[in-house]
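Engineer: Please read through the structure below; I'll follow up with questions.
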Amino acid sequence: MFHLPALICLFSCACAAFAAESVIVPGYLWKDTSGNVIQAHGAGMLKVGSTYYWYGEDKSLDSTLFKAVSCYESTDLVNWARQNDALSPVANTMISTSNVVERPKVLYNKLNSEYVMWFHSDTGNYGAAMVGVATAKTPCGPYTYKTSWQPLGAESRDEGIFQDANQTSYLLYASDNNQNFKITRLDANYYNVTTNVQTLDGVTLEAPGIVKRNSVYWLIASHTSGWAANPNKYFSSTYLSGTWSAQNDLAPENTNTACRYFSQNAYDLPLGTNAIYMGDRWRVDVLGSSQYIWYPLSWASGVPQIVHADVWSVDLAAGTYTVATGTSYEAESGTRSGSATIASSSAFSGGEAVGYLGNGGSVTIKNVAGNGAGQWVSLYYANGDSTFRNTTVSVNGGAAVVVQQPNTGGGNVLLSVPVKLTLVNGATNSITVGAGQTNYAGDLDRIIVYTQG
């Protein structure tokens, strides 16, 4: 894996200045209202009044070691303003720059009129397996670190927090060398745990969250595979302390789309009768460039399922979401150049894609309709390598931007990645993919052009 020059974006945008957004675009290099890349991995969310607070790990140093727990605020879940760091390193403690602080989650404690942060607290080699707690009087703090310890004397690694309607709250955590998953009640102050209410033995879960819907608890989590993605799962129960269902896939079973959209659960935010799946697409070699993968989470079938959406929007007042529709253009209908060839597979839309892009091969898709402004374009591709590839994209012979293409899990497994392009008004645009690069890009199945930008 290699690093691109600083002037080239990870998931590129062909526009220089920050502008307010109206849609959520999974996999885009999401920026805050100051135009800086959002650093809030392993997310926690908290709503206070009409304002949402997004807490997460600042990975801008591309390290697993602790830099800060960031705090962003928004009223629309789309445009986020960075505030002061919620939690900063403290020398000679378990939250020093030599330690690990991951998956921060914040609850409001009515008893003490206080915000309480829980997080995975560990040594640099992940040998301590603890939880940590910090407190503040305002949502972004800064928080005062209290302590780290192993809950009820047992290991705790990936964790989450769930607050029930009666304000009773619970720690959700991977324990016992990640073999068992535990749900443990917090004390009235939210400073400690009191009683283990359920243990799911041998399930090897991490990255947990719970959504309560119609008196049913839905546990969402991944399995353990290091930084690599694996299919997220859900379990259900009518009582936290009761019997939980067998695991099921959170994405359609026939959608082995890069391990169910190549992401790991971080937080699940209720939205009306549905929810928002908030995940991370980890990139271990450059952790600060790991992407946020947010999708609608629908119960239309009676169970939670990720709704794939390249571009989508939320109506917070109504508690609804809308998935954008775009115009699809098949890559094999484009004009190929150099070594580019047709690849055939039933996995591709129309049964064909264009392969051997890059290293002399390219394809130009013509007569693409534009609206004269920045528009989101999704590239559907397959990358059977075990590492990222990338491809160039240019419009009407202009300067190219570089779009990163994560490994998809196989040469016949598809994933989409976004790029914002400025197209001229009318169906006269040409989009060229793969030109001017020495490395090979993923096989291109099609592009979908959206009017939103």
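Engineer: Taking the conditions exactly as written (open to solvent by less than 20 Å² (accessible area, probe 1.4 Å), in a strand (DSSP E or B) and either free of Cβ contacts under 8 Å to residues at least 60 places away in the same chain or not assigned by the TED database to the domain that holds Asn248 (or both)), does Tyr277 satisfy them or not?
Structural biologist: yes
Engineer: Kindly indicate which of Val403, Val368 is under 27 Å from the mean Cα position of the chain (by Cα) and not small (Gly, Ala, Ser).
Structural biologist: Just a single option satisfies the conditions, and that option is Val403.
Every residue, every condition in (1) crowded, with 18+ Cβ neighbours inside 10 Å; (2) more than 19 Å from Ile431 (Cα to Cα), yes or no:
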residue	(1), (2)
Gly302	no, yes
Asp315	no, yes
Gly334	yes, no
Ile342	no, no
Phe348	yes, yes
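Engineer: Can you tell me which residue in segment 182-214 is nearest to the chain's Cα centre (by Cα), limited to those that are more than 21 Å from Gln167 (Cα to Cα) and surrounded by 14 or more Cβ atoms within 10 Å (Cβ to Cβ)? I'd like the intermediate steps shown before the answer.
Structural biologist: First pass over segment 182-214, keeping only residues more than 21 Å from Gln167 (Cα to Cα): 199-207.
Applying the additional criterion that residues be surrounded by 14 or more Cβ atoms within 10 Å (Cβ to Cβ) yields 199-200, 203-207.
Working: Thr199: 27, Leu200: 25, Val203: 23, Thr204: 21, Leu205: 18, Glu206: 15, Ala207: 12 Å.
Per the stated criteria, the residue is Ala207.
Engineer: Right, another one. Looking at Ala266, is it in contact (Cβ under 8 Å) with a residue 60 or more places away in the chain, surrounded by 22 or more Cβ atoms within 10 Å (Cβ to Cβ) and of a type in the set (A, V, I, L, M)?
Structural biologist: yes
Engineer: Take the conditions of a type in the set (Ser, Thr, Tyr) and over 29 Å from the mean Cα position of the chain (by Cα) and apply them to Ser416. Does it pass?
Structural biologist: The answer is no for Ser416.
Engineer: Follow-up question, since we're still on this one. Mind checking which pairs have a first residue in segment 40-57 that is farther than 18 Å from Arg281 by Cα and a second that is of a type in the set (Val, Ile, Thr), Cβ under 6 Å, 6 or more apart or different chains?
Structural biologist: Leu46/Val106; Ser50/Thr75; Thr51/Thr75
Yes/no per residue for (1) touching a Lys or Arg at 6+ places or on another chain (Cβ under 7 Å); (2) open to solvent by 20 Å² or more (accessible area, probe 1.4 Å); (3) under 22 Å from Tyr234 (Cα atoms); (4) not aliphatic (A, V, I, L, M):
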site	(1), (2), (3), (4)
Met94	no, yes, no, no
Trp118	yes, no, no, yes
Ala128	no, no, no, no
Lys137	no, yes, no, yes
Leu152	no, yes, no, no
Leu171	no, no, yes, no
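Engineer: Filter segment 386-406 down to the residues that are surrounded by fewer than 16 Cβ atoms within 10 Å (Cβ to Cβ) and of a type in the set (Val, Ile, Thr) and list them by number.
Structural biologist: Residue satisfying the conditions is Thr387 alone.
Engineer: If you don't mind, another one. Can you spot a residue in segment 161-169 that is more than 18 Å from Val116 (Cα to Cα), in contact with a Ser or Thr (Cβ under 8 Å, 6 or more places away or on another chain) and buried (at least 20 other Cβ atoms within 10 Å of the Cβ)?
Structural biologist: no
Engineer: Being within 31 Å of the chain's Cα centre (by Cα) and touching a residue at least 40 places away in the same chain (Cβ under 8 Å) is the filter here; which residues of segment 326-345 pass it?
Structural biologist: Selection gives Gly326, Thr327, Ser328, Tyr329, Glu330, Ala331, Ala343, Ser345.
Engineer: Please determine whether any residue of segment 137-156 is closer than 27 Å to Trp218 by Cα, in contact with a His (Cβ under 9 Å, 6 or more places away or on another chain) and in the same structural domain as Ser215 (by the TED database). Let's see the steps before the verdict.
Structural biologist: Residues of segment 137-156 closer than 27 Å to Trp218 by Cα: 139, 150-156.
Restricting the remaining residues to those that are in contact with a His (Cβ under 9 Å, 6 or more places away or on another chain) gives 156.
With in the same structural domain as Ser215 (by the TED database) added as a condition, the list becomes 156.
Checking segment 137-156: at least one residue is closer than 27 Å to Trp218 by Cα, in contact with a His (Cβ under 9 Å, 6 or more places away or on another chain) and in the same structural domain as Ser215 (by the TED database).
Engineer: When you scan segment 284-305, how many residues do you find that are in contact (Cβ under 8 Å) with a residue 60 or more places away in the chain, more than 11 Å from the chain's Cα centre (by Cα) and within 24 Å of Gln404 (Cβ to Cβ)?
Structural biologist: Going through segment 284-305 one residue at a time, the tally reaches 5.
Engineer: So Leu46 passes all but one of these: (1) modelled with pLDDT of 90 or more; (2) over 21 Å from Gln264 (Cα atoms). Which condition number does it fail?
Structural biologist: (2)
Engineer: Okay, moving on. Among the residues of segment 96-116, count how many are open to solvent by 10 Å² or more (accessible area, probe 1.4 Å) and over 27 Å from the mean Cα position of the chain (by Cα).
Structural biologist: Total meeting the criteria: 5.
The values are calculated or read from the model by the stated rules, or taken from the named source; none is laboratory data. Treat the numbers as computed from the prediction; the structure is a model and nothing was measured. Positions of Cβ are generated from backbone atoms using ideal geometry, with glycine treated the same way; all protein chains shown enter the neighbour counts. Quick note on the areas: whole protein, heavy atoms, side chains included, nothing else; ligands and nucleic acids left out. Shrake-Rupley method; radii C 1.70, N 1.55, O 1.52, S 1.80 Å.
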